[in-house]
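The structure appears below as structure tokens.
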Amino acid sequence: MSPIPLAFTYPFVLAALAGLPLLYFLLRITPPRPVLVPFPPLRLILGLRPASETARHIPWWLLLLRLIIAACLIFAMAGPVLNPLAVETQAGPLLIVLDNGWPAAPSWEQRISAASRRIEAAGQNSQLAAVVAISEGPREILPLDAAKAQDRLRALKPVPYLPDRLPVLAAIEKYATTHQKPNIAWIADGLDRGHLSEFAGKLANLSNERTLVTDKTSLRALAGAQNQTGQLEVRVLRAGLAGPEQWLVHALDRKGLQLGEAPFNFAGKSEALAKFEMPVELRNEITRLEITGDRSAGAVFLLDERWRRRRAGLVSSETLDVAQPLLAPAYYLTKALSPFADLRQASASATDPVQSLLDDHVATLILADVGVVPGETHNNLARFVEDGGILVRFAGSHLAGASDDLVPVRLRRGGRVLGGAMSWDTPKKLAPFDRDSPFFGLNVPAEVTVTRQVLAEPDPGLSGRTWARLSDGTPLVTAAREGKGMIILFHVTADTTWSNLPLSGLFVDMLRKIVALSGENAKASGSETAAPPQASQASALPANRTLDGFGVLGPPPPDATALPAGFEGEASPEHPPGFYGPPDALVAVNALGPQETLIPADYSGFGFITEPLNASGPVDLKPWLIAAAFLLFSADCLASLWLSGGLRKATPGALASVVLLGAACVLLAIPGKLAAEPAASHSSSDLASVLKTRLAYVVSGDARVDEATRQGLASLSQVLARRTSLSPGDPAAIDPARDELSYYPLLYWPIVATKPQPPREAVAKAAAFMKQGGTIIFDTRDALTARPDGPPTPEAKWLRTLLDGVDVPELEPVPADHVVTKTFYLLDGFVGRYTAGATWIEALPPAPADGGLRPARAGDSVSPVIITSNDLAAGWASDPDGESLYSLVPGGDRQHELALRGGVNLVMYTLTGNYKSDQVHVRDLLERLAH
């Protein structure tokens, strides 16, 4: 029989306990006369003397105590409430205006609670209520009853950008005109953005009952990250001076693993710098910066290839550099490259500076007026380009008089002089960049001119290899692919002797574009034309993964539009923050621009009644007053015993009875969550999972599928115990919404499309389980019905809905060289009851372009999700004789054995990670393959 709810027994408990003090007053406050106590246990508790004794007087302090007890009971019966819900004096409906940009995300639950309290008060006053979010724009606002308004409120979420407030103003004005004298409550985010003053002024004129609810705490955000020499810096902004002065910023890689953390200190200011001092190779792996503990899109900064700091080597004419260092090419190149490249120069003692830099594994090598590279160094330099390196050359007197094949086009000997006493031509300006050029979109200053250049022979294909031209059409920058790399030639010098280009900001931007190619060059095709990987950016970039208002990366919303070429702005409703483009060339969009600041809002002068956001809700004082009365009643009992001398004679049991009576009354008098919620307990299944490793599966609700899953995991556990050093316990059936998942390393989730989706709490727990190192195998069991080019099966749709909003990594079919194929057995696939389906796992890094083996994933990380359709559990299930319990397709003992071997590999992979990818095992694996 189920226990009676505490709420049901509460009135009866109060009625019974209320009789005790009334009886007490009858016994203790009556005139002095003999009193016969009809209830001996009560006489024992109170320590009363025999009935023949009478009381002479009551001490004033004891009388005061009893009066306080009576007052507590009287006030309790009146039902007092602390911070009661406000009742609007205006008869019109309630309108909640909610700022739902990313600044509202850190305190979103408090904002929803503040709005919910007002809707509840409106319902108690028989008023309608309407809720409108700023991001909804001119959408019509409809009044609803309190229950429906609460449902609409809970459905709202913060958006990851800063919406403009003016578009929604038209809908609010229409609502105010239709429903006279509305009560407006604006729950603002406290940030001076989105036409704040104009919106606040017009909103204040729509009603006499206008309340402003705002957060007084400081808002923080990230902007303007820069990968400097030796460190990566990011600006930390705040609106207002409240909150802690010091905090941390975390740096994460694309898998969500923390690479480092950097402290920052505002020191009373509104901006600080967080600096990550780590090797450039590690800094280049950072894809996400986030403020610790801040849940908003503004507290996240995403980085793409534009923030990678590439290693570049520089070789120039040594004689000129020593003679006039401030006029030498190396000076201008160093100044231009230092902000975004890790610049290396050969030491003065190096006999072969080019070879020295090649040995330093630079990604880009710049030769400033170097004529011919001799001997073996020439061959090594050519091999460097063919292997994916970028060679940048600048013209000069040495190159103009030399014959070298490491140039993108054939050059004429000598050079062309523009301007001067011996020339009819005047200095030429630069022409606008073509659309196919990587420099397209850069501004061409009118003051940049060229007085001398090295001319290219007018061979066929010259136009396709030209990235920049002079106004007369002659090439200024040419490029050509050689193998996997690229050779780029500036037809002018890197100093100011032939042009003033090195003095302009365009020179820096052009070099930035070229150095960025070193990170993408290996991904480009080996075309002979000069079109770089960025040329594909002329087309729009679709959204890949975007941030929500809380800063969580997930699938893009349906209204996210493709990113235009060259986009460098901040997030907007059309382009929410996140990553855009193909997986191998992602472009990051952030909530704030690099130079943005956060300005706190000033609402003074608009006539709003201001309330703090963190105002506490209504508190029922009745149970606390009753508890206080019973505590004082216990104190009165002890005082009476002391006055009568019975305290010295009272037995320990009597004293304990008084204390326990008071404690029990307090617990029974407080019906809130402290008394109503049972203490957290662990089931016997949880305790067994702590003591012994167990496989687990999610109960689907289909008895047949659940039984097959249980049998499969039980058979796999027995095979593991016989063939490996692992002796797992019996498989556990769990409900993610109720059970703890952290006890299990591997979770098997069979998909049944006819069953309802689990609650979002269960999905959130599963997502956290995967984030914390657990692995979930999702088995759709639809290998026979799925078609590669057909529509998704019901099971696939069910799984997509389940994982919507979950941070699932990029997946790929299990490759032949994946570590999961050799953790225990050497396998080429994972079969179950069926063999036709594919098994998907987290994508590995791309294979080297030279055809070598792909590197192992970093650390011992394990794919958090594995998706298959082969019904693995039914393939594992065995009878006591080891025969398959279910018919296999196509069938045979071999298929059943391979299914079990695949299960063993999956469990070993989950427990050991990429241990088998260590090179120490290569020889043993090769010997086994040879046999």
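The values are calculated or read from the model by the stated rules, or taken from the named source; none is laboratory data. Note that the structure is a prediction, hence the values are computed from the model and not measured. All Cβ positions, glycine included, derive from the backbone under ideal geometry; neighbour counts span all protein chains shown. Ligands, DNA and RNA are excluded from the accessible area calculation, which covers all protein heavy atoms including side chains. Shrake-Rupley method; radii C 1.70, N 1.55, O 1.52, S 1.80 Å.
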In order over the range 153-164: 3J(HN,Hα) from phi, Karplus 6.51/-1.76/1.60, θ = phi - 60°, whole Hz, x for each Gly or Pro, gives 5, 5, 7, 7, 9, x, 9, x, 9, 9, x, 6
Using mean Cβ contacts within 10 Å as the protection proxy, how do 585-592, 305-312, 249-256 order, highest first? 585-592, 305-312, 249-256
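Measure off, as a whole percent, the carbon and sulfur share of the 1.4 Å-probe accessible area of the range 714-828, all protein chains present.
52
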Could you sort 716-723, 754-761, 67-74 so that the peptide with the highest average Cβ count within 10 Å comes first and the rest follow in order? 716-723, 67-74, 754-761
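State the extension gain, in nm to one decimal, for the chain segment bounded by K429 and D789, taking 0.36 nm per residue of separation less the distance between their alpha-carbons.
Details: separation 360, 0.36 × 360 = 129.60 nm, distance 5.45 nm.
Going from the current span to full extension adds 124.2 nm.
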For the pair R154/L62, report the inter-label distance in nm, with labels modelled 7 Å from Cα in the Cβ direction. 5.4
In Å, what Rg and Dmax follow from the Cα atoms of the range 553-613? 17.1, 54
Of the heavy-atom accessible surface of the range 431-489 (probe 1.4 angstrom), what whole percent is carbon and sulfur? 51
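Averaged over all directions, how much area does the convex hull of the C-alpha atoms of the range 754-838 cover when projected, in nm²?
Details: hull surface 28.0 nm².
Convex hull of Cα atoms, orientation-averaged projection: 7.0 nm².
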Cα-projected label distance for E568 with S126, points at 7 Å along beta-carbon direction, nm: 6.3
If the label point is 7 Å along Cα→Cβ of E271, which residues in the range 217-240 have backbone nitrogen under 15 Å from it? 221-226, 233-240
For E245, what accessible area in Å² do you get when you roll a 1.4 Å probe over the heavy atoms of the protein chains, rounding to the nearest 10? 60
Mind running the shape call on the range 79-222? Use the C-alpha gyration tensor, a ≥ b ≥ c as the square roots of the eigenvalues: rounded below 1.5 for a/c, prolate if a/b tops b/c, oblate otherwise. oblate
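Based on the Cβ-Cβ distance of S113 and T724, what FRET efficiency does E = 1/(1 + (r/R0)^6) give at R0 = 41 Å, to the nearest 0.05? Each step should come with its number before you reach the end.
Details: r = 52 Å, r/R0 = 1.27.
Once rounded, the FRET efficiency stands at 0.20.
I need the calculated FRET efficiency for the pair H179 and S604, taking r as the beta carbon distance and R₀ as 22 Å, to the nearest 0.05.
Result of the calculation: an efficiency of 0.20.
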extent check for the range 683-826: Cα max minus min per principal axis, descending, whole Å, gives 44, 38, 31
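At 0.36 nm per residue, minus the direct Cα-Cα distance, what do T229 and E386 gain on full extension? Give it in nm, one decimal, please.
Working: separation 157, 0.36 × 157 = 56.52 nm, distance 2.83 nm.
The span from T229 to E386 would gain 53.7 nm if fully extended.
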Quick check: pseudo-label points 7 Å beyond the Cα along Cα→Cβ at D559 and R760, how many nm apart are they? 1.8
Multiply the residue separation of R800 and A836 by 0.36 nm, subtract the distance between their alpha-carbon atoms, and state the gained length in nm to one decimal. 10.9 nm
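What is the percent carbon and sulfur in the accessible area of the range 215-351, measuring with a 1.4 Å probe over the protein chains and ignoring ligands?
Numbers: 3310 of 6210 Å².
Answer for the range 215-351 is 53 percent, counting heavy atoms of protein chains only.
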Straight-line reach from K216: which aspartates and glutamates fall under 17 Å, measuring Cα to Cα and dropping same-chain residues less than 8 apart? D99, E109, D189, D192, E245, D294, D602, E611
If you take the beta carbon distance between L166 and Q595 as r and set R0 to 22 Å, what does 1/(1 + (r/R0)^6) give as a FRET efficiency, to the nearest 0.05? 0.40
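Sorted by mean Cβ packing within 10 Å, highest first, what order do the peptides 404-410, 268-274, 709-715 take? Walk me through the numbers before you get to the answer.
Details: 404-410: 17.3, 268-274: 15.1, 709-715: 23.6.
The most tightly packed comes first, giving 709-715, 404-410, 268-274.
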Across K148/K181; K429/K484; K148/K622; K269/K771, pairs whose alpha-carbon gap is larger than 26 Å: K429/K484; K148/K622; K269/K771
For the range 145-274, the fraction of alpha-carbon pairs in successive 10 Å shells from zero, as %: 9, 28, 28, 19, 13, 3, 0
